[in-house]
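Report on one structure; see the data block that follows.
The values are calculated or read from the model by the stated rules, or taken from the named source; none is laboratory data. As the structure is a prediction and not an experimental result, all values here were calculated from the model. Neighbour counts run over all protein chains shown; Cβ positions are idealised from the backbone, glycine included. The protein model used for the area step is the full one, side chains on, heavy atoms only, and it has no ligands, DNA or RNA in it. Shrake-Rupley method; radii C 1.70, N 1.55, O 1.52, S 1.80 Å.
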Amino acid sequence: MPQTHLTVSGSRFLINGLPTYQETGNPAVYGLLMNARFIQGIFDDDSGHERYHRFGRRFDPEAHTDALIAALPAWYRCGLRAFTVGLQGGGPCFTIPNETIRNNPFGADGSVIDPAYLARLDRLLRAADRLGMVVIVSLFYGQQATRLADDHAVECAVVTAAHALRDGGYTNVIIEIANEHNVAPFRAHPILYSEEGIVSLMNLARQESGGMPVGCSGTGGYFSPAIVRGSDVILIHGNGQSRQELCNLIAACRTEKPDTPIVCNEDSPDITHLPVAVHEGASWGYYNNLTKQEPPADFGITPGEDTYFALRMAETLGIRGTGIDEPDPFLLQGLSENESTEGKRWPRLAARHPEKVDRVEFYRDGTLLCTVYDPPFTVGYRSNWYQNTLPRNEWGEAWEARIYLTDGTVTSRFQRVAEV
């Protein structure tokens, strides 16, 4: 029997009839659903597994799902109550072109779904249910959706997935029709790319799933009044947005449909966005491509960005006893061999309180490479979720991140890395 029964009451989430986080005694967070993007939780690639044997780990789809299941209790202790997993996964944006991946459980006509994917999803949903966690099940991902024949196949796939979720008896699921439906690959299927098509698919999924709550996301900052009005849960993305832009997006959604929960289910490692969402009454979703979306993902609370998010989430919610010792407030990361693949690395400085940092200067062998003002503090900063790749063969040995704090003090973190 299911143990986690999700319901929506106005703009709040209830689990087993009680607002989430009621046990914290902090009314400001009652009814929120803090979440993370674990989109690759049931990932596979039928073109082969060999290229995913990297980051010091081997890839096996069954073990990959089991690793996420094993990581969930630690995240729960820190306040995570939901996560997003994709039937078609997500793009490993830093390493492998998504068009070369075959991570699609649907047949071309949408009428069948791979039983191995369903079995992994079942294990994951039931593990979350036992803990008291909600899973946002995302049906379609841009490039992978092109493997469906046409719009009719898309509709059939929605029905196929909705029936699988209904027949599984799950009570801890939110359905996301598509991850960022307005990205270019979805143009292959107008029903997924257009607002009218998404609204029709949301209605179809709601009906065929037996009434599960449904929503659909767009790219960072995207706002569709029609999709907002048609959603049971308003799903937004905060990638590439400033704090003010995230605030404005939440306000626009609330003006369009006031009595509906707003969930950012993808943002970035920039934890300065977390308090903005909470202050505005929205749930926030942590997204770290480098630790959580590059298969084989490390789904645990890794040192640096993941740990700082987990602690900030617990503090924001008023949760104590996370089991995590207070770490060094800064970590220079992205330099170890297990953070490298195919001669590429992504150096960055994670900060426990990035709002206290004015700027970070990165030095290699005493030479200034770049200065970064916006969190997260990454070499080759492009956006709050993306950075340029640094070829490993350009690297010297001694790295320094010189940190200028807003109170006028300066500190540094060092790492010495042998050239390869």
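Brief remarks on what is shown
- DSSP-defined antiparallel bridges as percent of all bridges, the stretch 90-214, nearest 5: 10
- Over the stretch 227-277, Cα pairs under 8 Å with separation of 6+ residues give a relative contact order of 51 percent.
- Global geometry of the chain, whether rounded, prolate or oblate, following the gyration tensor of its Cα atoms and the 1.5 cut on a/c: prolate
- Of the solvent-accessible surface of the chain, computed with a 1.4 Å probe over protein heavy atoms with every protein chain present, carbon and sulfur atoms account for 50 percent.
- Per the Cα gyration tensor, the stretch 1-159 maps to an equivalent ellipsoid with semi-axes of 30, 20, 14 Å, ordered largest to smallest.
- Gained length - Asp328 relative to Ala184, 0.36 nm times residue gap less alpha-carbon distance: 47.7 nm
- For Phe38, distant residues with modelled amide H under 5 Å away: Thr84
- Per residue value of the accessible surface for the chain (all protein chains in place, 1.4 Å probe), Å²: 37
- As a ratio to 2.2 N^0.38 Å, the alpha-carbon radius of gyration computed for the stretch 308-408 takes the value 1.17.
- Within the stretch 175-261: Cβ-based charge dipole about Cα centre, in debye rounded to nearest 20 (Lys, Arg +1; Asp, Glu -1): 120
- Calculated diffusion of the stretch 199-267, Stokes-Einstein form, Kirkwood radius summed over Cα pairs, 20 °C and 1.002 mPa s, µm²/s: 176
- Residues whose placed amide H lies under 5 Å from that of Phe140, excluding near-sequence neighbours: Ala178, Asn179
- Mean-square fluctuations from a GNM of the chain, with a 10 angstrom spring cutoff on Cα atoms, peak among Asp259, Asp151, Asp325 at Asp325.
- Averaging 1/r over each pair of different alpha-carbon atoms in the stretch 163-248 and inverting the result gives 13.5 Å, the Kirkwood hydrodynamic radius.
- Bridging of Lys292 to aspartates and glutamates at a Cα separation below 15 Å is possible for Asp44, Asp66, Glu266, Asp267, Asp270, Glu305, Asp306, Glu339, once same-chain residues fewer than 8 apart are set aside.
- Of Gly281, Pro295, Pro269, farthest towards positive along the dipole that unit charges on Lys, Arg, Asp, Glu beta carbons give the stretch 228-317: Gly281
- Here r is the Cβ-Cβ distance between Asp66 and Thr100 and R0 is 22 Å; the resulting FRET efficiency, rounded to 0.05, is 0.30.
- Shape summary: the stretch 185-305 maps onto an equivalent ellipsoid whose semi-axes, from the alpha-carbon gyration tensor, are 25, 19, 14 Å in decreasing order.
- Distance from the Cα centroid of the stretch 151-188 to that of the stretch 1-62 is 17 Å (rounded to whole angstrom).
- Angle of helix 195-208 to the longest C-alpha principal axis of the chain, folded into 0 to 90 degrees and rounded to 10: 60°.
- Distant-in-sequence amide H partners of Ile174 (H built 1.01 Å from N, under 5 Å): Val135, Ile136, Val137
- Estimated translational D of the stretch 1-52 in µm²/s (Stokes, Kirkwood radius over Cα pairs; 10 °C; 1.306 mPa s): 114
- Angle between the chain longest axis and helix 61-77 axis [Cα atoms, degrees, rounded to 10]: 80
- Convex hull of Cα atoms in the stretch 314-369, direction-averaged projection (nm²): 6.1
- Gyration tensor (alpha-carbon) shape descriptor, the stretch 111-159, a/c threshold 1.5: prolate
- Three-way shape call for the stretch 94-137 based on the alpha-carbon gyration tensor, with the a/c threshold at 1.5: oblate
- Remark: the chain carries a charge dipole of roughly 560 debye about the Cα centre, counting +1 on each Lys and Arg Cβ and -1 on each Asp and Glu Cβ.
- Across the stretch 324-331, rounded Karplus estimates of 3J(HN,Hα) from the backbone phi angles (6.51 cos²θ - 1.76 cosθ + 1.60, θ = phi - 60°) give 9, 5, 4, x, 4, x, 9, 9 Hz, Gly and Pro being marked x.
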